[in-house]
Amino acid sequence: MQPSPYTPGEIARAVPGRAHQLAELDERLSVLVDLRRLVGRIRVDHAARGFGKTSLLREYQRRAVLRGADTVWVTAGEPQGLIGQIVDELRRTADTDGTALGDKVDSVRLSLGVPGFASATGTFRPAAREDGNAPAGARAFEDVIRAATTERPLVILVDEIQSADAAGLRTLVYAWQHLQAEGADVPAAVFAAGLPNAPETIAEIVTFSERLAYRPLGALDSVAEEIALVGPARLLGVQWTQEAVSRALSIAQGYPYSVQLIADSAWTAAGRPDPGAVIDVVAVETGHRSMQADLEALFRARWSTCSSSERRMLTAMAGLGDGPTSRSSIAAALGTGTNQLSTPRARLIDKGLIQPADRGMLEFTIPGFATFVRSECA
Ligand SMILES: Nc1ncnc2c1ncn2[C@@H]1O[C@H](COP(=O)(O)OP(=O)(O)OP(=O)(O)O)[C@@H](O)[C@H]1O
Ligand SMILES: [Mg+2]
């Protein structure tokens, strides 16, 4: 009996299917480490819940460390604000006591403490150093970045960036804009991850959209899924039959969380196999039944956060099928106009449950959610 090597609900130990993202990361790390230059654009990988954003960001961090960079990790949305979180982490991880960096960190904290910092509103322009339009703390934060990169390059990782405070985001992006203009020789980079609404949320706050590179993180293709299923088992001397793999692929539909769920529950159904054993389609079918409960719990938790108008909209969409649906057909199904849909639509996008698709259509983000909604309302 061997414990499951799969990771439902945990950081993935490997991220198959993300070769493209990792190649882009490696290229940025070269700029940072080999050329010792600023990575001028803040990269944001975005996707709905369970698509592997945090796992990917952790892989970025691992690779940055391997290349000899210092890293700082924050999950945005805490009370001290994004910049406060970043400098607190720097303080915690770097030996800052009595150093130049320590002084700079203290000075950012001071400027963050200035009343009114969080109430900075509107947008700002690229500006010269003396420009009073710089968000409070931006200069001091820039100084922290300079001081933190004198010995080693620095990589800042921001998870859940859509939850960052407006003032913090503004300061970060402004500082990056300014560093790009003046300090391209500062070896620092920011990699972020967030929900699909991150681009829209950030665009409402900062004007330098060109400072951010948004990258949607998609479903896994079938080769990546197969690697995720078969690879960890093989390391433990266990094989999946081809039929079992095919069945698991059709269940998971490329959704990373479901890939881990079906693999994990098939592993359990196969009796947590010893080396030399096989996971067959019977184990996958048994596992499928037991994973339904987990998946339903996830769906039910999401559903319970929806208002009645959001639920009506989800129900109408689910009734139109699993694929993209047009706003007008959703409105028609509800017997209302498309204008009435704009509030629930925006809320559901913010929650990561639906997303805009091609040609003004809307679609569900998580495979299986439409089926859940249909059964819930049957
Ligand atoms: N490339 C991958 N291949 C296989 N499984 C993966 C991959 N990436 C992530 N996973 C698995 O998918 C699930 C979700 O991963 P993760 O928590 O990283 O997603 P997330 O997008 O950050 O989710 P959330 O929005 O809820 O924070 C986990 O069970 C993880 O082990
Ligand atoms: Mg996450």
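Some points to look at:
- The lone criterion from (1) at pLDDT below 95; (2) under 30 Å from LEU261 (Cα atoms); (3) touching a strand residue (DSSP E or B) at 6+ places or on another chain (Cβ under 8 Å) left unmet by LEU57 is number (1).
- Looking only at region 1-32, and only at residues there that are outside any helix (DSSP H, G or I) and touching a Phe, Trp or Tyr at 6+ places or on another chain (Cβ under 8 Å), the one that is farthest from ARG43 (Cα to Cα): SER4
- Within region 210-227, considering residues that are out of contact with any helix residue (DSSP H, G or I) (no Cβ under 6 Å at 6 or more places or on another chain) and away from ligand 1 (no atom under 16 Å from the Cβ), the one nearest to ASP45 (Cα to Cα): ALA213
- Pairing each residue of region 24-44 that is under 17 Å from ALA193 (Cα atoms) with any residue that is open to solvent by 10 Å² or more (accessible area, probe 1.4 Å) and of a type in the set (Phe, Trp, Tyr), provided the two are 6+ apart or on different chains, yields C-beta distances under 9 Å for ARG43/TYR214; VAL44/TYR214.
- Test: ALA148 is modelled with pLDDT under 95 and closer than 19 Å to ARG109 by Cα: yes
- Every condition in (1) open to solvent by 30 Å² or more (accessible area, probe 1.4 Å); (2) in contact with a strand residue (DSSP E or B) (Cβ under 9 Å, 6 or more places away or on another chain); (3) more than 14 Å from ligand 2 (Cβ to nearest atom) holds for GLN21 except the one numbered (1).
- Region 253-273, subset open to solvent by less than 30 Å² (accessible area, probe 1.4 Å), outside any helix (DSSP H, G or I) and more than 16 Å from ligand 2 (Cβ to nearest atom), residue farthest from GLU226 (Cα to Cα): PRO273
- For region 301-365, the helices (runs of 4 or more DSSP H) that sit wholly inside it and include 2 or more residues that are open to solvent by 30 Å² or more (accessible area, probe 1.4 Å) and under 26 Å from GLY52 (Cα atoms) are 342-350.
- Subset tally (residues that are buried (at least 20 other Cβ atoms within 10 Å of the Cβ) and within 14 Å of ligand 1 (Cβ to nearest atom)) for region 58-73: 2
- Applying the condition of being modelled with pLDDT of 95 or more and acidic (Asp, Glu) to region 284-338 and asking which residue is nearest to ALA266 (Cα to Cα) yields GLU285.
The values are calculated or read from the model by the stated rules, or taken from the named source; none is laboratory data. All of these numbers come straight from a predicted model, not from anything done at the bench. Heads up, the Cβs are rebuilt from the backbone with ideal geometry, glycines too, and the neighbour counts pull from every protein chain shown. Keep in mind that these areas ignore ligands, DNA and RNA; they rest on the heavy atoms of the full protein, side chains included. Shrake-Rupley method; radii C 1.70, N 1.55, O 1.52, S 1.80 Å.
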